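The values are calculated or read from the model by the stated rules, or taken from the named source; none is laboratory data. Since the structure is predicted, the reported quantities are computational estimates derived from the model, not experimental observations. All Cβ positions, even for glycine, are placed from backbone atoms using ideal geometry, and neighbour counts span all protein chains on display.
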Ligand code: CA2
């Protein structure tokens with residue numbers, strides 16, 4: 001299916017250190033690189049007729065700017081806020097003002113990890129939370145988000 005230029009893209013936002021995926025800590029985060037995950041999400045979107053815009057930043061403020069931009073410029077949001085998930089009230093406030101469906105993804109199973117990873121400032125605003133499936137979690141999130149896109 002071709003992507004309509006009129007359709008706003010799905011934004012995929014990735015937080016701090018996720019640019020290192022595939023290079024370090026494969027026992028925790030797998031061997032797939034961020035570029036591979038993004039290529040696969042763009043292809044998945046294209047097959048469904050939806051454009052996908054993928055971005056990563058190590059900076060909290062940049063991610064907040066992108067969430068604000070996404071309010072007008074996107075039709076849905078997939079976010080792995082990485083460590084900011086557990087610390088950032090500012091990110092949480094930005095997500096509270098996002099009007100479309102949000103899917104939260106984590107590569108690792110947060111519930112098998114340290115207690116400080118058990119709280120998420122993202123989850124209250126997410127329709128779904130997927131963790132522990134590695135890179136496959138993004139595919140599952142994309143599928144679920146596409147199903148919920150408003151016409
Ligand atoms: O499991 C996830 O996806 C996390 O969001 C990853 C974050 C972590 O702080 C969250 O608790 C769970 C860490 C991302 C760091 O990514 C790296 C990837 C490769 C090498 C080093 C770090």
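For residue 37, the conditions (1) in contact (Cβ under 8 Å) with a residue 40 or more places away in the chain; (2) assigned to a loop (DSSP other than H, G, I, E, B); (3) more than 9 Å from the ligand (Cβ to nearest atom) all hold with the exception of (2). Cβ-Cβ below 8 Å, separation at least six or inter-chain, first residue in segment 63-82 and free of Cβ contacts under 8 Å to residues at least 40 places away in the same chain, second assigned to a helix (DSSP H, G or I) and within 16 Å of the ligand (Cβ to nearest atom): which pairs? If the second residue must be assigned to a helix (DSSP H, G or I) and within 16 Å of the ligand (Cβ to nearest atom), the pairs left are 64/91.
What about residue 18, is it in contact with a strand residue (DSSP E or B) (Cβ under 8 Å, 6 or more places away or on another chain), at pLDDT 95 or above, under 17 Å from residue 139 (Cα atoms) and near the ligand (Cβ under 7 Å from one of its atoms)? Criteria met by residue 18. Restricting to segment 68-88, and then to whatever is assigned to a helix (DSSP H, G or I) and more than 16 Å from the ligand (Cβ to nearest atom), can you tell me which residue is nearest to the chain's Cα centre (by Cα)? In this case the residue turns out to be 70.
Residue check: is residue 26 over 15 Å from residue 105 (Cβ atoms) and buried (at least 18 other Cβ atoms within 10 Å of the Cβ)?
On the way: over 15 Å from residue 105 (Cβ atoms): yes; buried (at least 18 other Cβ atoms within 10 Å of the Cβ): no.
Considered against the rule, which asks whether it is over 15 Å from residue 105 (Cβ atoms) and buried (at least 18 other Cβ atoms within 10 Å of the Cβ), residue 26 comes out as no.
The residue list 133, 107, 91 contains one member that is within 12 Å of the ligand (Cβ to nearest atom), surrounded by 21 or more Cβ atoms within 10 Å (Cβ to Cβ) and under 23 Å from residue 20 (Cβ atoms), which is 107.
Evaluate the following for residue 53: is it away from the ligand (no atom under 15 Å from the Cβ), crowded, with 16+ Cβ neighbours inside 10 Å and closer than 15 Å to residue 13 by Cα?
Values: away from the ligand (no atom under 15 Å from the Cβ): yes; crowded, with 16+ Cβ neighbours inside 10 Å: yes; closer than 15 Å to residue 13 by Cα: yes.
In short, yes.
Of note, residue 36 does not satisfy the criterion of being more than 17 Å from residue 136 (Cβ to Cβ) and surrounded by fewer than 18 Cβ atoms within 10 Å (Cβ to Cβ).
Test residue 65 against the criterion of being over 23 Å from residue 20 (Cβ atoms) and assigned to a helix (DSSP H, G or I), and give yes or no. No: the conditions fail for residue 65. Within segment 110-129, being assigned to a loop (DSSP other than H, G, I, E, B) and either exposed (fewer than 15 other Cβ atoms within 10 Å of the Cβ) or more than 10 Å from the ligand (Cβ to nearest atom) (or both) holds for 113, 114, 118, 119, 121, 126, 127.
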